[in-house]
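Input: a single structure, listed below in structure tokens.
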Amino acid sequence: MPLEGDVEVTIRHAQSGDAAALAQLMCKLDYETTRAEMRQRLRSISSDERYSTIVAEINGVVCGMIGTLTHASYEHNDPSGKIIALVVSKQQRRSGVGRTLVAAAEKDFARRNVSRVTVTTRFEGKAAHQFYEALGYSKTGFRFAKNLPPISAH
């Protein structure tokens, strides 16, 4: 699929061999991740059909990824979708790779009969907010988070 500037991007599902590239991309989101950690995460995620990990490649180099989850909800009868992670390498930002990845995820959601998609971003992610709004997403609430202490093994 051609992007701005006639760059050809390949969209495909992630493979275990993508672990190193995906780990580097997760670090760009401030989630320090090693190749081994990403390999383990991919193994776990790829064994669950509710998840989808899609990558973008340019000239054989992974330059972006989107991770999604299709799930049941308490609020609706049909499945819902969530964009869990979206990251594009600094070199390819603002080139159309992010839009292409979101479009691929939305197509995958439609194939799964998902008609409602959510995404969360950090408060300070103003560029991300503008990006999603430009793609037709709207602010619908706040997300709260809490880290729980580990349960002691007794």
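Quick notes
- Helical runs assigned H by DSSP (4 residues or longer) give the chain a calculated mean residue ellipticity at 222 nm of -9000 deg cm²/dmol, each run adding -39500 (n - 2.57) before division by the residue total.
- Taking the chain and dividing mean pair separation by its residue count, relative contact order in percent (alpha carbons under 8 Å, at least six apart): 18 percent
- Surface composition of the chain: carbon plus sulfur atoms hold 52% of the accessible area, using a 1.4 angstrom probe and ignoring ligands, DNA and RNA.
- Checking the Cα-Cα distances for 28/126; 90/139; 82/107 against a 19 Å cut-off, the pairs over it are 90/139.
- Residue with peak Gaussian network fluctuation, the chain [Cα springs, cutoff 10 Å], from 87, 61, 102: 61
- Probe 1.4 Å, protein heavy atoms only - accessible area per residue of the range 71-154 in square angstrom: 78 Å²
- Only Lys, Arg (+1) and Asp, Glu (-1) charged, at Cβ; the chain dipole about Cα centre in debye: 300 debye
- Among 51, 74, 31: highest mean-square fluctuation, GNM of the chain, C-alpha pairs under 10 Å: 74
- Among 39, 122, 112: highest mean-square fluctuation, GNM of the chain, C-alpha pairs under 10 Å: 122
- Rotationally averaged projected area of the chain (alpha carbon convex hull; nm²): 11.2 nm²
- From phi via Karplus (6.51, -1.76, 1.60), per-residue ³J(HN,Hα) for the range 73-79 in Hz, x at Gly/Pro: 9, 7, 8, 9, 7, 8, x
The values are calculated or read from the model by the stated rules, or taken from the named source; none is laboratory data. All figures in this text were calculated on a predicted structure; none of them were measured in a lab. Note: ideal-geometry Cβ built from the backbone for every residue, glycine included; neighbour counts use all protein chains shown. Just so you know, the surface numbers come from the protein's heavy atoms only, side chains and all, with ligands and any DNA or RNA stripped out. Shrake-Rupley method; radii C 1.70, N 1.55, O 1.52, S 1.80 Å.
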